[in-house]
Amino acid sequence: MTTSARSRFAAYLGPQSKPYIEPASLAEIRDVAILENQACARKVAVAAAIWDSCIHQNVLVGDVIQDAGNYAASEIAHVLGCSKTVANTYAEVGMDLRLRLPAVAAAFEAGEIDLPRVRAIYRCTHNLTQDAATAVEGEVLLAARRLSPGPLATEIWSIMYRVAPEQAAALRKDLERHTNVTYTDKDVLSTLKADLTAAEAAAAWQLINEMAATVCRRDPRNRGQKRAAAYVALLQQESSMACMCEPDDDNPCTADTVRPDRRAPLTVITVDLATLAGLLSNPAHLAGHGTIDAEYARELADNAHWQILLTEARNLAEKVGYGEDLESFIDLDTDTDTETENGAGTEDKGAECKADSGGSSRSHVVFHPLGRGRRRVGGSVPRPPRAQNSSLPPRSSCVATPYRGTYTFVAELEAAIAADPALGIALHPDGHGGLVLPPPGALVYRPTTALAERIRYRDRTCRHPGCDVSAQQCEIDHVVPYFHRDPESGGWTIDSNLHCLCRYHHSLKTMGLWTPVMLADGVEFWVSEAGTTAVTVPGTTQFADLSHLPDVYRRPKGEVVQADTSSLEIAQPLPAPVPTSAPDDDPPPF
């Protein structure tokens, strides 16, 4: 419904304190959707059966075998009034469900998922081996019950990167062969589309946005129009783009018409240390793109300068054999801490990296291993020491990470809350994070740059159920509302009371139509006005069993470090940093 149509309906219905939806109406539309999905599943199954019966009737005409499957597709297309391509898709999906994905087929036949989500599953998994498809099917199905096709495809790739890293990396490399630029004429406007690798696309998107920002704030064009003009200016090798404002004596144009040489493109990647070192193959996160496989993250690290945030949460580092002397295993070009305003370095204000010894130009990549610590500049990918008979795998290998499953956890928690509603109560209902006294900045409405970055890196997307809007495009929202008249009594501006919400879902929360509560470890439980419930977890949540990793004991420098055993078996979401007593430690840099 358009905005004008909503306005007319609102004027007709008159003012209301809050919109209301009859639960019976939601139940009815759900029942109708189940019937529709069941009918669609039957259609796909019959199309597969028709194709299967015809494919066994291939005939030899001269020296050429005629594919009778084409005849089946033509007949199906005629009866359904669709194209041959769509008819072939019905048959291919139906055969794949019958032969390789029985659990997904059963859920489709029961009406639990619809055809668009089934097609997303087929598109992402049809090239996997049978063993790999069987391994990911259960977790994929749990995600399919909770996500729309777009976010579902992203989650499927994330699951594949964990469960079948070698095959996922091979599929990614195969898809990279299909990079392309196409041109489509559309009357007045035309479309120029580029299919690029993830890192190339992220770098290109950053350059376009940088160019669009050269005009002054009084430029009348919207954001999309500025990006289009920036794209053309970059293709024409311009250093800036013309501003369209109308300057006068009181309001001169402030466009950046003489830009200095730009730094190399900045790419921000979040990856855990064990994956960077080749001990695990947890997926990494490429800002502006999403999930990437571990091998690709290591390739980017090997071919770019990077900054690393050395973790001070030593439990994971000790588990994989780094011990306290983690920094000695990393070849650093410089050992100088990078400091910015408020003592926090950001990806936008990162220090320039030195050129490599060969003098070649490299992209500027910022790697954020999960944890907090000091920012270091430059260097090569960390390589842990290996004994001659070490059982550790080579760093370049793809090691399948034992994966419990994010949506397995979500399904279990949803079932537990349904059985015991007390489990869905906020861990800290007052929004104070269990603290007695407010820490610095807690009573200020707007979070600091460092805190906002930390929340965005933790959440990665909008935290509303099923939304995949990037955290960089979201607003930072207080879970327990901030009370402007008396900040100390309201929700505080701290990690455990902040999350990312896109503008659309932020407005629904503000209206009280969807209400979240923060549980432990950043997990959120949402309840709608109509009684709908859902659980969401931070994007950095990792349910990886690390017990299989070998212990490598090293004598720590100075005092003995007490082992933190709270998360040796499961790597929990990034916890809220706790200020340490060390006077020379920098504040959390993200």
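The values are calculated or read from the model by the stated rules, or taken from the named source; none is laboratory data. Keep in mind the model is a prediction, meaning the values are calculated, not measured. Cβ: placed from backbone, ideal geometry, glycine included. Neighbour counts: every protein chain shown. In case anyone asks, the SASA skips ligands and DNA or RNA and just uses the protein heavy atoms, side chains included. Shrake-Rupley method; radii C 1.70, N 1.55, O 1.52, S 1.80 Å.
Hey, can you tell me all the residues within the stretch 145-182 that are β-branched (Val, Ile, Thr) and either modelled with pLDDT under 85 or open to solvent by less than 60 Å² (accessible area, probe 1.4 Å) (or both)? Explain how you work it out, then say what you get.
Within the stretch 145-182, the subset β-branched (Val, Ile, Thr) is 154, 156, 159, 163, 179, 181-182.
Scanning the stretch 145-182 gives Ile156, Ile159, Val163, Thr182.
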Legend entry - Among (1) in contact with a helix residue (DSSP H, G or I) (Cβ under 7 Å, 6 or more places away or on another chain); (2) without any contact (Cβ under 8 Å) to a residue 40 or more places away in the chain, the one test that Pro165 misses: (2)
Inset, instruction - State which residue pairs qualify: first residue more than 17 Å from Gln206 (Cα to Cα) and inside the stretch 220-245, second residue of a type in the set (Ser, Thr, Tyr) and surrounded by 15 or more Cβ atoms within 10 Å (Cβ to Cβ) in any location, beta carbons under 9 Å apart, and separation of 6 or more residues or different chains. - result: Cys243/Thr214
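Quick one: which residue in Val93, Val104 is in contact (Cβ under 8 Å) with a residue 40 or more places away in the chain, under 21 Å from Ser158 (Cα atoms) and either out of contact with any Lys or Arg (no Cβ under 6 Å at 6 or more places or on another chain) or open to solvent by less than 40 Å² (accessible area, probe 1.4 Å) (or both)?
Values: Val93 fails: under 21 Å from Ser158 (Cα atoms).
Among Val93, Val104, only Val104 is in contact (Cβ under 8 Å) with a residue 40 or more places away in the chain, under 21 Å from Ser158 (Cα atoms) and either out of contact with any Lys or Arg (no Cβ under 6 Å at 6 or more places or on another chain) or open to solvent by less than 40 Å² (accessible area, probe 1.4 Å) (or both).
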Inset, instruction - Could you tell me whether any residue of the stretch 448-466 is within 28 Å of Thr532 (Cα to Cα), among the hydroxyl-bearing types (Ser, Thr, Tyr) and in contact with a Cys (Cβ under 8 Å, 6 or more places away or on another chain)? - result: yes
Inset, instruction - Considering each of Leu196, Leu142 in turn, give the residue that is touching a Ser or Thr at 6+ places or on another chain (Cβ under 7 Å), at pLDDT 90 or above, among the aliphatic types (A, V, I, L, M) and open to solvent by less than 50 Å² (accessible area, probe 1.4 Å). - result: Leu142
Legend entry - Test: residue in the stretch 439-454 that is in contact with an Asp or Glu (Cβ under 9 Å, 6 or more places away or on another chain), closer than 30 Å to Ala144 by Cα and buried (at least 19 other Cβ atoms within 10 Å of the Cβ): yes
Inset, instruction - Answer yes if at least one residue in the stretch 233-240 is outside any loop (DSSP other than H, G, I, E, B) and either open to solvent by 60 Å² or more (accessible area, probe 1.4 Å) or modelled with pLDDT under 80 (or both), and no otherwise. - result: yes
Legend entry - Members of the stretch 469-481 found to be in contact (Cβ under 8 Å) with a residue 40 or more places away in the chain and either surrounded by 15 or more Cβ atoms within 10 Å (Cβ to Cβ) or of a type in the set (Val, Ile, Thr) (or both), listed by number: Ser470, Ala471, His478, Val479, Val480
Legend entry - Cys245 vs. criteria touching a Lys or Arg at 6+ places or on another chain (Cβ under 8 Å), over 20 Å from Ser470 (Cβ atoms) and modelled with pLDDT of 85 or more: yes
Legend entry - helices (runs of 4 or more DSSP H) enclosed by the stretch 32-131 - at least 3 residues per element that are among the hydrophobic types (A, V, I, L, M, F, W, C) and modelled with pLDDT under 95: 68-80, 84-99
